[in-house]
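Throughout, read-outs are computed from the coordinates displayed, never taken from laboratory work. All values derive from a computational prediction rather than experimental measurement. Cβ placement follows ideal geometry from the backbone for every residue including glycine, while neighbour counts extend to all protein chains displayed.
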Amino acid sequence: MLSFNRFVGAYTETQSYRVSLSNRYKKFFIWGWGGFPKNLVTQVSLYVILINLITINQVFAKQDTKTYQMEYLRQLEYSADQYDCLTPLITMESRWNLRAVNGSHYGLPQGRSKFLATADYKAQITWHTKYIKHRYGTDRFGVANACGAWSHWLMKGWH
């Protein structure tokens, strides 16, 4: 027996329907064989599973982003000022994608080196830190001048 409540005006009307299926068809409809399940809980569960499968790569990408950020912070000798300048630079260059490609530029730093196309994240970050030190020098504490690279990127659109 199924009951449905329907709000009509100022009162609630209850209607009851008798549903009878043979045992052969109950098994068919309960387990959802032969098509999409008729059970609302099962439908919602399937939607949740599908959404999780679609977004699972983004979840792992966020975890990788945190790993890359911690490695950059370590290689910048925990300088908060330089790290604050480096974060938007990497976001604009590669969106923290280790395998980003833009023409002949590869990896997190979008450097013009074939080495970056196959390097792991630590090697790419080391390469980028050395590049920044070579091109923009160091700050007063001897840390790679990421703020110089960021200001150059703001003026020219590249670093």
- [ ] With θ set to phi - 60°, apply the Karplus curve 6.51 cos²θ - 1.76 cosθ + 1.60 along region 123-135 and write out the HN-Hα couplings as whole Hz, x wherever there is a Gly or Pro.
- [x] 5, 5, 5, 4, 4, 5, 4, 5, 4, 5, 4, 5, 7
Open item on the list: Checking the a/c ratio against 1.5 first, then a/b against b/c, what shape does the Cα gyration tensor give for region 78-159?
Closed with: prolate
Task: Label point at Arg135 placed 7 Å out along Cα→Cβ; residues across region 100-125 whose backbone nitrogen lies under 17 Å - done: 100-117, 124-125
Open item on the list: Per 0.36 nm of contour for each residue apart, how much would the distance between Thr87 and Leu154 grow if the chain were fully extended, relative to their Cα-Cα spacing?
Closed with: 22.8 nm
TODO: Amide H neighbours of Gly111 under 5 Å, at least 5 residues apart or on other chains, H built in the peptide plane: list them.
DONE: Tyr106
